[in-house]
1. Val58 passes all but one of (1) more than 19 Å from Phe122 (Cα to Cα); (2) modelled with pLDDT of 95 or more; which number fails?
2. Show the residue pairs meeting these rules: Cβ distance below 7 Å; 6+ apart or different chains; first residue within segment 76-88 and assigned to a loop (DSSP other than H, G, I, E, B); second residue among the hydroxyl-bearing types (Ser, Thr, Tyr).
3. Quick check: is even one residue across segment 48-62 of a type in the set (A, V, I, L, M) and over 13 Å from the mean Cα position of the chain (by Cα)?
4. Is there a residue being of a type in the set (D, E, K, R), closer than 17 Å to Leu119 by Cα and in contact (Cβ under 8 Å) with a residue 12 or more places away in the chain anywhere in segment 33-46?
5. From the list Leu27, Leu21, Leu17, Leu51, which one is closer than 30 Å to Pro130 by Cα, in contact with a Ser or Thr (Cβ under 7 Å, 6 or more places away or on another chain) and assigned to a helix (DSSP H, G or I)?
6. Given the conditions (1) hydrophobic (A, V, I, L, M, F, W, C); (2) at pLDDT below 95; (3) under 18 Å from the mean Cα position of the chain (by Cα), and given that Leu76 satisfies all but one, which numbered condition is not satisfied?
7. Considering only segment 30-88, state which residues are of a type in the set (Lys, Arg) and surrounded by 12 or more Cβ atoms within 10 Å (Cβ to Cβ).
Amino acid sequence: MTLFYRLAADAVMLIHLVYFLTVVLGLPAIWVGIIYRHQWARNFWWRCGHLLMIAIVVAEAWAGISCPLTEWEHQLRVLARQETYSGSFMANLVHNVMFYDAPKWVFTMAHTLFGLLVLISFLVAPPHWPGIRKSVETN
């Protein structure tokens with residue numbers, strides 16, 4: 001059973017990492033897509049989903065609650081009798097990559113500023129509403 005919990009914890013961590021990478025890499029991808037006029041960069045569902053993803057992160061940070069994925073992974077690691085980390089997924093990732101520990105407010109501010117960038121991008125280069133096609137002029 002310990003193996004099951006360890007694999008489940010790894011799966012949750014992988015889902016969390018994909019979520020993180022989607023939010024972080026999604027913004028520059030959207031900017032590049034808009035600059036080069038790629039249709040996917042204006043896709044309504046992709047853009048709304050991306051905005052919602054960062055909005056959830058910002059809301060959790062401001063509410064002072066841990067991400068449910070972090071909590072779930074932690075619980076599974078305890079059941080697997082594995083070592084767990086303290087703090088948030090993001091704080092742990094930054095610590096492991098940059099060997100830097102930051103106070104919680106730094107991550108709240110970073111999440112908020114990143115969320116504002118996503119929102120500004122959403123407003124400056126809005127997505128195309130579904131079902132509405134740009135008219136193509138023919139000569």
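1. (1)
2. What qualifies is Ala80/Thr2; Ala80/Tyr5; Arg81/Thr2; Ser88/Ser66; Ser88/Thr70.
3. no
4. Restricting attention to segment 33-46, the residues satisfying the condition of being of a type in the set (D, E, K, R) are 37, 42.
Restricting the remaining residues to those that are closer than 17 Å to Leu119 by Cα gives 42.
Next cut, in contact (Cβ under 8 Å) with a residue 12 or more places away in the chain only: 42.
The answer is yes, given that some residue of segment 33-46 is of a type in the set (D, E, K, R), closer than 17 Å to Leu119 by Cα and in contact (Cβ under 8 Å) with a residue 12 or more places away in the chain.
5. Leu27
6. (3)
7. Taking segment 30-88 as the starting set, the residues that turn out to be of a type in the set (Lys, Arg) are 37, 42, 47, 77, 81.
Scanning segment 30-88 gives Arg42, Arg47, Arg77.
For every residue, the table says whether it meets (1) over 23 Å from Val18 (Cβ atoms); (2) at pLDDT 95 or above.
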| position | (1), (2) |
| --- | --- |
| Arg47 | no, yes |
| Met53 | no, yes |
| Gly64 | yes, no |
| Leu69 | no, no |
| Met90 | no, no |
| His95 | no, no |
| Leu113 | no, yes |
| Ile132 | yes, no |
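The values are calculated or read from the model by the stated rules, or taken from the named source; none is laboratory data. Quantities reported herein were computed from a predicted structural model and do not represent experimental measurements. Using ideal geometry, Cβ is built from the backbone for each residue, glycine included, and neighbour counts are taken over all protein chains shown.
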